[in-house]
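Asker: The structure follows.
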Amino acid sequence: MLETNFIRVYDKFKIEFFRRLFGLVKEREGSLSAMEAFAVEIIHQMQSPTISQFADFLGISQSNATYKVNSLIKKGYIMKENSDIDRREYHLKLTEKYYNYNGLMKGYVDTVMQRIDERFTPDEVQTFASMLGVIADELMPETEM
């Protein structure tokens, strides 16, 4: 039952994300493709990776990663910034254009959080929050960036 319910919740968040993503992605000059939207989300989660770190995390070639990064730069969602430690290395930084797009799921998450607060006691919410923290921090090491 736990696994079934976990998958149901995950699938519902995922499908809502995809619905909003495809509503945002338009077939016009400068808009993100679905794959580019996923790539920029990964860069966001990695918190300013190098192109090499981005490629390694995705398991793609450096040249493929560079191609994706250059497309995102051209469209204005990310920029390259020289590393303070090694000036030959660049870190991928998100632009204001990304942050304008980034609110894609915030409204839905806020709605679900409000519903959780209304449905459960403060102690149940605290227990759930603690469990989610353990899951994120300890039980999903393969997602560490």
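The values are calculated or read from the model by the stated rules, or taken from the named source; none is laboratory data. Source: prediction; values computed, not measured. No Cβ is skipped: glycine too gets one built from the backbone with ideal geometry, and neighbour counts run over all protein chains shown. Each accessible area value is taken on the protein alone, full model and side chains, heavy atoms only, with ligands, DNA and RNA left out. Shrake-Rupley method; radii C 1.70, N 1.55, O 1.52, S 1.80 Å.
Yes or no, residue by residue, for (1) closer than 22 Å to residue 16 by Cβ; (2) out of contact with any Ser or Thr (no Cβ under 7 Å at 6 or more places or on another chain):
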{"residue": "32", "(1), (2)": "yes, yes"}
{"residue": "37", "(1), (2)": "yes, yes"}
{"residue": "61", "(1), (2)": "no, yes"}
{"residue": "92", "(1), (2)": "no, no"}
{"residue": "107", "(1), (2)": "yes, yes"}
{"residue": "113", "(1), (2)": "yes, yes"}
{"residue": "117", "(1), (2)": "yes, yes"}
{"residue": "132", "(1), (2)": "yes, yes"}
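Asker: Another question, if that's okay. If I filter region 37-44 for residues that are at pLDDT below 90, open to solvent by 80 Å² or more (accessible area, probe 1.4 Å) and over 13 Å from residue 94 (Cα atoms), do I get at least one hit?
Answerer: No, there is no match, as no residue in region 37-44 is at pLDDT below 90, open to solvent by 80 Å² or more (accessible area, probe 1.4 Å) and over 13 Å from residue 94 (Cα atoms).
Asker: With 138, 124, 96 as the choices, which residue is exposed (fewer than 10 other Cβ atoms within 10 Å of the Cβ) and over 18 Å from residue 44 (Cβ atoms)?
Answerer: Result of the check over 138, 124, 96: 138.
Asker: Any chance region 12-22 includes a residue that's touching a Phe, Trp or Tyr at 6+ places or on another chain (Cβ under 6 Å) and not in a helix (DSSP H, G or I)?
Answerer: No, the conditions are met nowhere in region 12-22.
Asker: For region 89-145, which helices (runs of 4 or more DSSP H) that fit wholly inside it have 1 or more residues that are under 17 Å from the mean Cα position of the chain (by Cα) and among the aromatic types (Phe, Trp, Tyr)?
Answerer: 96-101, 106-119
Asker: Then there is this: Within region 49-88, can you find the residues that are surrounded by fewer than 18 Cβ atoms within 10 Å (Cβ to Cβ), in a helix (DSSP H, G or I) and in contact (Cβ under 8 Å) with a residue 40 or more places away in the chain?
Answerer: 53, 57
Asker: Answer with yes or no whether residue 90 is touching a helix residue (DSSP H, G or I) at 6+ places or on another chain (Cβ under 8 Å), more than 26 Å from residue 142 (Cα to Cα) and not charged (D, E, K, R).
Answerer: no
Asker: If you don't mind, there's one more thing I want to ask. Considering region 63-90 alone, what residues qualify as being among the polar types (S, T, N, Q) and under 24 Å from residue 22 (Cα atoms)?
Answerer: 64, 70, 71
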